[in-house]
1. Checking the conditions here, which among 334, 392, 360 is touching a helix residue (DSSP H, G or I) at 6+ places or on another chain (Cβ under 8 Å), farther than 16 Å from residue 65 by Cβ and in the same structural domain as residue 295 (by TED's automatic domain parsing)?
2. Identify, from the list 404, 410, 420, the residue that is assigned by TED's automatic domain parsing to the domain that holds residue 144 and surrounded by fewer than 24 Cβ atoms within 10 Å (Cβ to Cβ).
3. Residue 451: over 24 Å from residue 125 (Cα atoms) and part of a strand (DSSP E or B), yes or no?
4. Quick test for you: out of 360, 351, 342, pick the one residue that is within 17 Å of residue 401 (Cα to Cα), part of a helix (DSSP H, G or I) and at pLDDT 95 or above.
5. Among 458, 468, which is the only one that is modelled with pLDDT of 95 or more and within 15 Å of residue 163 (Cβ to Cβ)?
6. When you scan the stretch 368-390, do you find a residue that is closer than 30 Å to residue 44 by Cβ and out of contact with any strand residue (DSSP E or B) (no Cβ under 7 Å at 6 or more places or on another chain), even just one?
7. Taking residue 121 as the residue in question, decide whether it is in a helix (DSSP H, G or I), free of Cβ contacts under 8 Å to residues at least 24 places away in the same chain and either in contact with a helix residue (DSSP H, G or I) (Cβ under 9 Å, 6 or more places away or on another chain) or buried (at least 18 other Cβ atoms within 10 Å of the Cβ) (or both).
8. Of the residues 105, 157, which is outside any loop (DSSP other than H, G, I, E, B), at pLDDT 95 or above, out of contact with any helix residue (DSSP H, G or I) (no Cβ under 6 Å at 6 or more places or on another chain) and over 23 Å from residue 346 (Cβ atoms)?
């Protein structure tokens, strides 16, 4: 009888050992399967595998940067035809106001670009401009969210999250989707711009910047690497057994995936974000040591964006400016009162670092598989806001552009009227914009769906057509 407890103990030990070994084997198999499934197949052969989104919040004035309107010079100071009773976001509008800056032809295409952007002008032959964008809102928060998700309300997945969900990761040690915030703060409506919405939580962007790396990533000094690794392995085994007992729990799977990614990033993320590894001439190209601290900070974020793309991050959102402040146009492109002073502050921050990023991507061959898109939430009025020298919001006309993989350079799609008040030719919506982005990634925007609340949801809702005139 005294042998019975020992026998039971031996049986228990052997049983635990068997299940433990099975668990180890299962974990290894699951790891292999997860890695194999990390990068999922597109619907058809893609032109691009990665996306760089450059976002300038505040409603950038199209007729002051990208959309040349000679009629504004001719009729400066006169009423907008048919606009005498027009009231926009902040009230009554004054007369037509020409751009304070000259435009000049650039590149072989002769594209007219504002002289405020001399460095960006060098890239016009690789860019496809969409001059006929329209928005469904004239308010910054909903406008930014709409330009990221196609919906003006919070709670819908951003384009980056949809692409993360559709295509998966290109690098198991780094996030699939990263949002790089400007040093001045988050854009209007903040995290809703890179939200996963109703998609599984693992598809939300990881936020970081050159001035603020990933939080809580470093291993405590009191814990050695061997103990850290073995602890992670043991926790991983427990997590997988826990998940197998609860199939269909997306939130649980997402949480496990997030912790495992965080562990893998302990080694890779600090290496990617270490900008000191770059040679001096690269830092000079971007302007990372510029005497303007805002420009230098944005330049470092641009360099970080290139390093992330180079290491296989699939979708990078790079913000230049932040949310509105008590002083219009101080922290973003919202030039209600003093257009000239505001843009002469913002354009030098934007111009050199962004142009350097495009140059760097091209020189390294990254534009062969990277699609670059430039966005803002809406445009500005061709008139001055009553009693000011600034421009009010204009959701009826604005400009975006694309370049890189699969894009025809040196072309323009659509047009606004003579004064830039309304889009009138080949009017383009955000649904069309992202239908085109998905197409270049090898995805049919009508087939990319996720069942939620009784409906097969899409990034493009029930709208959208590919803008084929800008495809190479």
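1. After applying the criteria, what remains is 360.
2. Only one candidate passes the filter, namely 410.
3. Values: over 24 Å from residue 125 (Cα atoms): yes; part of a strand (DSSP E or B): yes.
So residue 451 passes the test.
4. None of the other options fit; the residue is 351.
5. 458
6. Within the stretch 368-390, one or more residues are closer than 30 Å to residue 44 by Cβ and out of contact with any strand residue (DSSP E or B) (no Cβ under 7 Å at 6 or more places or on another chain).
7. Here the answer is yes, as residue 121 does meet what is asked.
8. 105
The values are calculated or read from the model by the stated rules, or taken from the named source; none is laboratory data. All of these numbers come straight from a predicted model, not from anything done at the bench. In this analysis, Cβ positions are derived from the backbone assuming ideal geometry, glycine residues included, and neighbour counts consider all displayed protein chains.
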